[in-house]
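What follows is a set of notes on a single structure, which appears directly below.
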Amino acid sequence: MAARPALALIDASQGFDAVLEAIRQVRERSSEIRIVALADQFDLCFVQLGHEAGVDGFCVTARHPAVLIKSLELIMLGESVLPPAVLRLISDETCQNREQPLQNTTAGPKLLDPKACKLSPREAQILDCLMQGAPNKAIARKLDVTEATIKVHVKGLLHKIGVANRTQAAMWASQHLPQREGPAQHI
């Protein structure tokens with residue numbers, strides 16, 4: 001009889017960085033562990049970064065206990081689970097993108113309208129560090145998180161603002177984010 005994989009439940013209502021770090025640590029221990037993020041609600045950015053970090057399912061704690069149990073059973077069988085509200089957000093975003101005219105996808109990533117791209121305070125901090133040319137290790141030290149957490153944030157940021165690399169992200173930030181007053185604070 002084959003051994004069943006373990007299940008790790010992570011309280012995703014804690015700080016964003018702490019949750020991503022916990023996910024990373026669990027995933028480092030075993031690639032076979034099923035990871036479930038639990039919270040009252042999820043935003044699309046967290047779901048994307050959590051999925052990239054290794055989360056197998058996202059469960060809303062305010063749902064009926066039977067829904068939570070069935071969701072956990074599906075995850076243990078190897079299925080991915082998303083709350084209906086997240087699926088609606090993804091669907092709405094997909095429909096909005098369909099209404100835009102098709103563009104040449106071979107030209108590279110499409111830069112997003114800064115008004116449509118809502119950055120968290122942490123993302124803005126990381127973009128500021130990227131504009132200064134700081135490596136992940138220095139950013140992690142400044143923000144008191146692990147380097148792996150910064151890598152996850154940077155990857156998510158690149159996707160969110162529609163650029164291919166750190167240099168393009170720094171250029172995007174210099175054009176779209178408010179500039180700070182006074183001398184630059186180098187890391």
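Read-outs throughout are calculated quantities, based only on the coordinates presented, and are distinct from any laboratory measurement. What you see is a predicted model; the values in this text were computed from it and never measured. Heads up, the Cβs are rebuilt from the backbone with ideal geometry, glycines too, and the neighbour counts pull from every protein chain shown.
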Phi to ³J(HN,Hα) by Karplus 6.51 cos²θ - 1.76 cosθ + 1.60 over region 44-60, Hz, x for Gly, Pro: 4, 5, 4, 4, 4, 5, x, 4, 4, 7, x, 6, 8, x, 10, 10, 8
Starting from the Cα gyration tensor of region 115-163, take the square roots of the eigenvalues, sort them a ≥ b ≥ c, and report rounded, prolate or oblate (rounded when a/c is under 1.5, otherwise prolate if a/b is larger than b/c, else oblate). prolate
With each label point set 7 Å from Cα along the Cα-Cβ vector, what nm distance links Glu73 and Asp11? 2.8 nm
So for the pair Arg4, Leu87, with labels modelled 7 Å out along Cα→Cβ, what separation do we get in nm? 2.4 nm
Compute the Cα gyration tensor for region 1-72, then decide on rounded, prolate or oblate, letting a ≥ b ≥ c be the square roots of its eigenvalues: rounded whenever a/c is under 1.5, prolate when a/b is larger than b/c in the other cases, and oblate in all that remain. oblate
